[in-house]
Amino acid sequence: MTDERTHATPVPPGRMRTMVTYLEMTAPPARPHPPTPLERLALLRAEHCTLSFYRFLYNTVGEPWLWWSRRAMPDAALQALLADERVEIYVPYVAGVPAGFVELDRRRPGTCEIAYFGLMPDFIGRRLGPWLLGWAVEAGWKGAGTTRMTVNTCTLDHPKALMLYQRAGFLPVRQVEKEEPDPRLTGLLPRHAAPHVPLVEG
């Protein structure tokens with residue numbers, strides 16, 4: 001695994017710094033898919049996913065971890081992405097309530113990327129994560145011509161995210177330290193989001 005870490009310097013005002021780990025899998029895992037953890041659990045593909053529903057999923061799942069890139073994406077660009085048949089959105093429902101989502105991106109030939117994966121805050125800690133990830137890996141490999149699956153996580157994500165991906169069969173291949181504008185200070189996210197990440201104000 002290559003490490004493209006930059007020199008340790010103070011984070012400038014208005015910025016945030018994170019270490020991104022890129023992982024991949026080049027063969028389906030031998031381990032079985034985790035059992036269903038809850039009763040009244042259903043998983044559905046959001047066919048022709050609407051912009052408003054996607055933003056609800058992305059914003060609710062991602063706010064605690066400072067997900068901001070899709071918030072910044074213009075409606076037209078995001079709508080075009082969702083209309084692409086090679087981008088698949090799946091939503092688990094617990095007793096009829098949406099509990100998170102997983103986004104599989106097959107736009108690169110031979111590669112299935114888990115572009116986004118996460119749970120609503122109310123459903124974290126109920127053993128849904130390993131089950132949903134196991135299902136996503138299984139579904140990713142069922143795609144015609146898939147020879148590789150990829151995913152990435154960063155130090156702003158849930159602290160168990162990296163371990164979860166590795167347990168599912170992904171191997172780290174590269175790390176990159178990134179510095180970006182803090183979305184809480186640009187207005188993309190509320191200032192109270194992700195209190196575990198310090199705000200660096202000028």
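Residue pairs whose Cβ atoms lie under 8 Å apart, separated by 6 or more positions or on different chains, with the first residue in region 27-56 and under 15 Å from residue 83 (Cβ atoms) and the second surrounded by 11 or more Cβ atoms within 10 Å (Cβ to Cβ) and of a type in the set (S, T, N, Q), are 51/79. Across region 51-59, a minimum of one residue is classified as within 18 Å of residue 156 (Cα to Cα) and either modelled with pLDDT of 95 or more or over 14 Å from the mean Cα position of the chain (by Cα) (or both).
Of everything in region 94-124, what is over 17 Å from residue 142 (Cβ atoms), more than 15 Å from the chain's Cα centre (by Cα) and not in a loop (DSSP other than H, G, I, E, B)? Give them in sequence order. Passing the criteria: 94, 97, 98, 122, 123. Here residue 199 does not fit the description of being closer than 17 Å to residue 69 by Cα, among the hydrophobic types (A, V, I, L, M, F, W, C) and over 18 Å from the mean Cα position of the chain (by Cα). When restricted to residues that are surrounded by 15 or more Cβ atoms within 10 Å (Cβ to Cβ) and assigned to a strand (DSSP E or B), region 168-179 contains 4. Residues that are without any contact (Cβ under 8 Å) to a residue 60 or more places away in the chain and closer than 15 Å to residue 116 by Cα were ranked within region 140-167; the one that is surrounded by the most Cβ atoms within 10 Å (Cβ to Cβ) is 140. Only one entry of 139, 193 meets the criterion of being at pLDDT 95 or above and part of a loop (DSSP other than H, G, I, E, B), and that entry is 193.
Is it the case that some residue within region 81-93 is touching a Gly at 6+ places or on another chain (Cβ under 8 Å), in contact (Cβ under 8 Å) with a residue 12 or more places away in the chain and either loosely packed, with under 13 Cβ neighbours inside 10 Å or not in a helix (DSSP H, G or I) (or both)? Checking region 81-93: at least one residue is touching a Gly at 6+ places or on another chain (Cβ under 8 Å), in contact (Cβ under 8 Å) with a residue 12 or more places away in the chain and either loosely packed, with under 13 Cβ neighbours inside 10 Å or not in a helix (DSSP H, G or I) (or both). Only residues that are surrounded by fewer than 19 Cβ atoms within 10 Å (Cβ to Cβ) and in contact (Cβ under 8 Å) with a residue 12 or more places away in the chain were counted in region 100-111, giving 5.
Under the condition of being under 20 Å from residue 22 (Cα atoms) and either buried (at least 21 other Cβ atoms within 10 Å of the Cβ) or of a type in the set (Gly, Ala, Ser) (or both), the residues counted in region 120-138 number 6. Would it be correct to say that residue 97 is within 29 Å of residue 191 (Cβ to Cβ) and surrounded by fewer than 18 Cβ atoms within 10 Å (Cβ to Cβ)? It is true that residue 97 is within 29 Å of residue 191 (Cβ to Cβ) and surrounded by fewer than 18 Cβ atoms within 10 Å (Cβ to Cβ).
Give region 23-41 a look and list any residue that's of a type in the set (A, V, I, L, M), modelled with pLDDT of 95 or more and assigned to a loop (DSSP other than H, G, I, E, B), or say none. Matches in region 23-41: 27 only.
Return the residues of region 115-136 that are closer than 17 Å to residue 58 by Cα and touching a Ser or Thr at 6+ places or on another chain (Cβ under 7 Å); say none if nothing qualifies. Across region 115-136, the qualifying residue is only 120.
The values are calculated or read from the model by the stated rules, or taken from the named source; none is laboratory data. Only a predicted model underlies this, so the values are computations on that prediction, with no experimental measurement involved. When we count neighbours, we look across all protein chains shown, and the Cβ atoms used for this are built from the backbone with ideal geometry, even at glycine.
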